[in-house]
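Worksheet: the structure to be examined is printed underneath.
The values are calculated or read from the model by the stated rules, or taken from the named source; none is laboratory data. Here the structure is a predicted model, which is why all the values come from computation and not from measurement. Every residue, glycine as well, gets a Cβ built from its backbone with ideal geometry; the counts of neighbours run over all protein chains shown.
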Amino acid sequence: VHIPDGYLSPSTCGTLGAAMVPIWATAGRRVRKVVKSRYVPYVALGASFSFIVMMFNIPVPDGTTAHGVAGTLSAILLGPWAALIAVSVALIIQALFFGDGGVLAIGANCFNMALVLPFVGYAVYRLLSRNMTLTNPRRALAAGIASYIGINVAAMCAAIEFGIQPDLFKAADGTPLYAPFHMSQTVPAMALAHLTVAGLAEFALTFGVIAYLQRANVPVLRINHPDVQVDGVMPERRPLGWRWAFVGLGVLAVLTPLGLLAPGGAFGEDTPANLDLGKYNLQAVPTGLARWSAFWDHAVLGGYGFDSGEHPNISYILSAVIGMAVIAVGVYAVFLVVRFINRLRNNDDPTRAASASP
Amino acid sequence: VSSRTDELVRQASSVTPEWLLQREVALCPCGCIGKRSKVSFIDKTISGASSVLRQALFTDDIATRRGLLQRLDPRVKTITTLAIVIAAALVRNIPVLVVLYAAALLLAITSKIPLGYFIKRVWLFVPIFTGIVVLPATFSFVTHGHIVVPLGHWFGHRVGLTSQGLRSAGLIVIRVATSISFVVLLALTTTWTRLLAALRSMLVPRMFVLVLGMAYRYVFHLLGSVTDMYEARKARTVQADNVVRSGRAFVSATAGTMFGKAHAMSEEVYQAMVSRGYTCQAQTFSAFRIRAIDVAWIACCALSIVLVVGVDRAIGR
């Protein structure tokens, strides 16, 4: 997924680079809080490890070999924040020293491979390995699946970065100035490559390393899993936390712009003007439909856009953001009301009030 | 003081002998016999590791030669390289980028970089990756526009190579080559320690630079133990080793062992640092001085960038 210079416009690189700066700062603070004065050697050796693992040729069937990124592996072994810095440092060494991956594109490459990949992979790994002991064989499988999902999401991010280039940056005669492929071409191309060869290589590497460490070097695995029981039966099965609901909703929110790619409309949601009457053997729009479809025409963002119809993409995303904010405020209001009523009922009930404050 | 230290360093460090930087002809799996067999993943990793080492040795040799770019202050060199790469990204006309690439070649000659090596290093990479990637973009399926090379009809539509597609592909290939050339110029003419010192004086946090430097140093250490493990495996292999399953198990075991080693090493390094008085405060020593040649270089670069971007905008499109 290494993006060289010249594929992305300077503004794309600048945006992603600027987004990475506060993330690096946060990562530095979080890691230093955990490992304290060990920070420099801990992260540096982690970075050397990621650099070399990126060089490994992993045999896949038919005699070919592929490289892994091992972002999820680093996140499982070092923790996601330390992995963020370690993979970033490895990418910077590659870019500055070997010309592998661009220098302007460092921000974009770090965003895809040091931020998205380890964090998505680690979240999936934590979710799948929730109630497993440290030496449970299924934990290695969970790590492999997590790395497979992680590298595919990272590849998707790269595909989106490539895909927005021809629409945003083109010369007067329509010549694309940077990466020439549209999102409808980059997304399938990257998905095909990463769902098959690269994803499998990543899966094999992560699964293999975790399985090997479970057999041969459990103390190393314990570094990032201090409170997980090594073997036997887990005493209690923890239920899924609330936080995962937010993770799921966040993913859905981030994926919203994909709706821009979808052609056509949903069945049964056409306005009367767009209805193909002949298809339904109708002569005219049914009177009830004609009357009630125009009953309310005071929508703030009618048709997910501004009244003037300018900037359809920006207004579509803006509509989504406003809609999500309105729903969030509404849900929060309901939550406040429910809590308020609960308190009232507790105060009214003398037995509960007595037990609460003896 | 700085130039005197440089002189001492230059005298002390011997140049890597020629034979060490060349690939062994006899051990090459292709070529001499004329029959090419598939290289196993073990050989690929070993040769990858040795090429990293070879590149590091070669870079050190070139960075200590007396050329134009080697004389410049590393801070100045890093900033101007970044500015030129940004300028290359802003340019929209192929001829302007060709001129910029020619300038990179000229700088390579004046910095005593072997021209053949310099061109090969950039152009071996560019056609393989960039060329194949942008090739489909020249067709009218991807980039719509004026068809210049018609290739027949497809469901009633004319298909062929479009002028927009060809221009776009050419633009990307030459831009990628130019950007890589300037980054390679920076990497080849600056030793890693001087590059790190330059980064440190450019608002990059000190801790981060410390991590970068230590990571770079231990890459070579870990590379040594990985090579040992792979060579041991190769030495014990009697037949051609093409079993994918056991190969994957071996790769994972190597990576796992390497992580164990890296972690133990980080603990030892930390203890060594503490016993030498490390108190989480990185102390650094910088002896850089901006000289007349640096000022001249900055002026020259600024002028060229303004000229390049100005001419590019004047040509338009």
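Okay, here's what the table says:
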{"item": "Any chance residue A:252 is surrounded by 13 or more Cβ atoms within 10 Å (Cβ to Cβ) and either modelled with pLDDT of 80 or more or in contact with a strand residue (DSSP E or B) (Cβ under 6 Å, 6 or more places away or on another chain) (or both)", "result": "no"}
{"item": "Within the range A:170-200, tally of residues that are touching a strand residue (DSSP E or B) at 6+ places or on another chain (Cβ under 8 Å) and at the interface with chain B (Cβ under 9 Å from one of its Cβ atoms)", "result": "3"}
{"item": "Residue pairs meeting the criteria (Cβ under 8 Å; at least 6 apart or on separate chains; first away from chain B (no Cβ under 11 Å) and without any contact (Cβ under 8 Å) to a residue 40 or more places away in the chain, in the range A:81-99; second surrounded by 24 or more Cβ atoms within 10 Å (Cβ to Cβ) and of a type in the set (Ser, Thr, Tyr))", "result": "A:83/A:50; A:83/A:74; A:83/A:122"}
{"item": "Among (1) at the interface with another protein chain (Cβ under 10 Å from one of its Cβ atoms); (2) touching a residue at least 40 places away in the same chain (Cβ under 8 Å); (3) touching a Ser or Thr at 6+ places or on another chain (Cβ under 7 Å), the one test that residue B:215 misses", "result": "(2)"}
{"item": "Some residue of the range A:194-202 being under 21 Å from residue A:78 (Cα atoms) and at pLDDT 80 or above", "result": "yes"}
{"item": "Number of positions in the range B:242-272 that are at the interface with another protein chain (Cβ under 7 Å from one of its Cβ atoms) and not in a loop (DSSP other than H, G, I, E, B)", "result": "18"}
{"item": "Filtered residue count, the range A:49-80, keeping only those that are at the interface with chain B (Cβ under 10 Å from one of its Cβ atoms), over 24 Å from residue A:195 (Cβ atoms) and either touching a residue at least 24 places away in the same chain (Cβ under 8 Å) or within 25 Å of the chain's Cα centre (by Cα) (or both)", "result": "4"}
{"item": "In the range B:191-211, residue farthest from the other protein chains (Cβ to nearest Cβ) [restricted to those that are crowded, with 19+ Cβ neighbours inside 10 Å and over 16 Å from residue B:78 (Cα atoms)]", "result": "B:208"}
{"item": "Residue selected from the range B:41-75 under the condition of a type in the set (S, T, N, Q) and in a helix (DSSP H, G or I), by the criterion farthest from the other protein chains (Cβ to nearest Cβ)", "result": "B:70"}
{"item": "Subset of the range A:26-46 [surrounded by fewer than 20 Cβ atoms within 10 Å (Cβ to Cβ) and more than 20 Å from the chain's Cα centre (by Cα)]", "result": "A:29, A:30, A:32, A:33, A:34, A:35, A:36, A:37, A:38"}
{"item": "Filtered residues of the range A:19-30 (kept if within 10 Å of chain B (Cβ to nearest Cβ) and closer than 26 Å to residue A:68 by Cβ)", "result": "A:24, A:28"}
{"item": "Condition met for residue B:221 (surrounded by fewer than 19 Cβ atoms within 10 Å (Cβ to Cβ) and without any contact (Cβ under 8 Å) to a residue 60 or more places away in the chain)", "result": "yes"}
{"item": "Matching helices (runs of 4 or more DSSP H) fully within the range A:20-128 where at least 1 residues are more than 17 Å from residue A:154 (Cβ to Cβ)", "result": "A:39-55, A:71-78, A:80-98, A:117-128"}
{"item": "Complete set of residues in the range A:131-176 that are outside any helix (DSSP H, G or I) and in contact with a Phe, Trp or Tyr (Cβ under 8 Å, 6 or more places away or on another chain)", "result": "A:169, A:176"}
{"item": "Residue match in the range A:3-12 (condition: modelled with pLDDT under 90, facing another protein chain (nearest Cβ under 7 Å) and in a helix (DSSP H, G or I))", "result": "yes"}
{"item": "Filtered residues of the range A:311-352 (kept if more than 21 Å from residue A:254 (Cβ to Cβ) and of a type in the set (A, V, I, L, M, F, W, C))", "result": "A:333, A:334, A:335, A:336, A:337, A:338, A:340, A:341, A:344"}
{"item": "Residue within the range B:228-246 that is surrounded by 14 or more Cβ atoms within 10 Å (Cβ to Cβ) and over 28 Å from residue A:59 (Cβ atoms) present", "result": "no"}
{"item": "Of all residues making up the range A:102-136, the number that are basic (Lys, Arg) and in contact (Cβ under 8 Å) with a residue 24 or more places away in the chain", "result": "1"}
